[in-house]
Amino acid sequence: MFARTERLLLRPAWDEDVPALHAAIGDEGVVRNLARAPWPYRLEDARTFVGLARDPALPDFLVFARTLGAPRLIGGVGLAREECGSVELGYWIARPYWGLGFATEAASAVIGMADQSLRIDQLVSCHFLDNPASANVLRKLGFKPTGDTFMRRSVARGRDVACAGFVRQAGAVGAPSRPALAA
């Protein structure tokens, strides 16, 4: 499964992406805002990530900026089923591309798939409290705060960190645009 937006190409990770993935996410300022990424992020961590088994029913993409030349890897976005059965949206963007709307654009494409093709009624997400920019992205995407604050493990930080929970119902205001899809 692939998706295209005005500025982005979203596709699964391939073995040849390992060096670019390592370069894009190998920044403590990025991985500290993620639950599962380690710090330091080694080339072997990128290889492991690319080789992970994934749920074929849920999109999990690397995000590439469409350029005049080869697309440039700038982040990741996807859905994952949590142990409790909820479907969680996660995303990250490399630091040079923060503040340019890429997280919103990429996540919007994935939410469009969840709403229109996968018929997922509800998505959840959360952000570490010291990352308010992620809360702004979630609000733009139609997520609403649940009012719950809880502790979540940050592998990079090596400890549990306070998170704010968010939820989004299918078709919520702030609903995404329809991405161009390819199977």
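Scan segment 118-163 for trypsin sites (Lys or Arg not before Pro) in coil per DSSP, keeping those whose Cβ has at most 10 other Cβ atoms within 10 Å, and list them by number.
On the way: sites: Arg119, Arg139, Lys140, Arg152, Arg153, Arg157, Arg159; in loops: Arg119, Arg157.
Sites meeting the loop and neighbour criteria: Arg119.
Once you list every other residue whose beta carbon is under 9 Å from the beta carbon of Tyr41, what net charge do they have if Lys and Arg are +1 and Asp and Glu are -1? Numbers along the way, then the final one.
Numbers: positive: Arg42; negative: Asp27, Glu28, Asp45.
With Lys, Arg at +1 and Asp, Glu at -1, the neighbours total -2.
Rounded to the nearest 5, what % of the DSSP beta bridges within the chain are antiparallel ones? Show your work: numbers first, answer last.
Details: 37 of 38 bridges.
Around 95 percent antiparallel, to the nearest 5.
Using a ≥ b ≥ c from the Cα gyration tensor of segment 1-91 (square roots of the eigenvalues), is it rounded, prolate or oblate, where a/c under 1.5 gives rounded and otherwise the larger of a/b and b/c decides, a/b for prolate? Working shown, then result.
Details: a/c = 1.62, a/b = 1.11, b/c = 1.46.
Oblate, because a/c is 1.5 or more while a/b does not exceed b/c.
In the chain, which helices (entire DSSP H runs) extend 15 Å or more along their own long axis, judged by Cα positions, while averaging at least -1.0 on the Kyte-Doolittle scale?
On the way: long enough: 102-116 (21 Å, 0.67).
Helices passing the filter in the chain: 102-116.
Treating the beta-carbon of each Lys and Arg as +1 and of each Asp and Glu as -1, no other charges, what is the dipole magnitude of the chain about its Cα centre, to the nearest 20 debye?
340 debye
Please arrange Met113, Met1, Met151 by how many other C-beta atoms lie within 10 Å of their C-beta, fewest to most. Show your work: numbers first, answer last.
Working: Met113 21, Met1 16, Met151 10.
With the sparsest Cβ surroundings first, the list reads Met151, Met1, Met113.
Write out the chymotrypsin sites (Phe, Trp or Tyr not before Pro) in segment 1-74 meeting two conditions: DSSP loop, and at most 11 other Cβ atoms within 10 Å of their Cβ.
Details: sites: Phe2, Trp14, Tyr41, Phe49, Phe61, Phe64; in loops: Trp14, Tyr41.
When the chymotrypsin sites (Phe, Trp or Tyr not before Pro) of segment 1-74 are filtered for loop state and at most 11 Cβ neighbours within 10 Å, Trp14 remain.
For the charge dipole of the chain, defined by +1 on Lys and Arg C-beta atoms and -1 on Asp and Glu C-beta atoms about the Cα centroid, which residue among Ala35, Pro96, Gly165 has the Cα displaced farthest towards the positive pole?
Comparing the listed Cα positions along the dipole, Pro96 ranks first.
What's the longest uninterrupted piece of the chain once you rule out the GluC sites (Glu not before Pro) that are loop residues per DSSP with at most 15 other Cβ within 10 Å?
Working: sites that count: Glu6, Glu82, Glu83.
Longest stretch, sites excluded: 84-183.
Which Cys residues of the chain have no other Cys Cβ less than 4.7 Å away and so no disulfide-compatible partner by this rule?
So, Cys84.
Are there any chymotrypsin sites (Phe, Trp or Tyr not before Pro) in segment 74-115 that are in a DSSP loop and have at most 16 other Cβ atoms within 10 Å? List them by number. Mind dumping the intermediate values first?
Details: sites: Tyr91, Trp92, Tyr97, Trp98, Phe102; in loops: Trp98.
Counting only loop positions with at most 16 other Cβ atoms within 10 Å, the chymotrypsin sites (Phe, Trp or Tyr not before Pro) in segment 74-115 are Trp98.
A short reminder: the numbers here are calculations on the coordinates, not readings from a lab. Here the structure is a predicted model, which is why all the values come from computation and not from measurement. Every residue, glycine among them, receives a Cβ derived from its backbone with ideal geometry; neighbour counts consider all protein chains shown.
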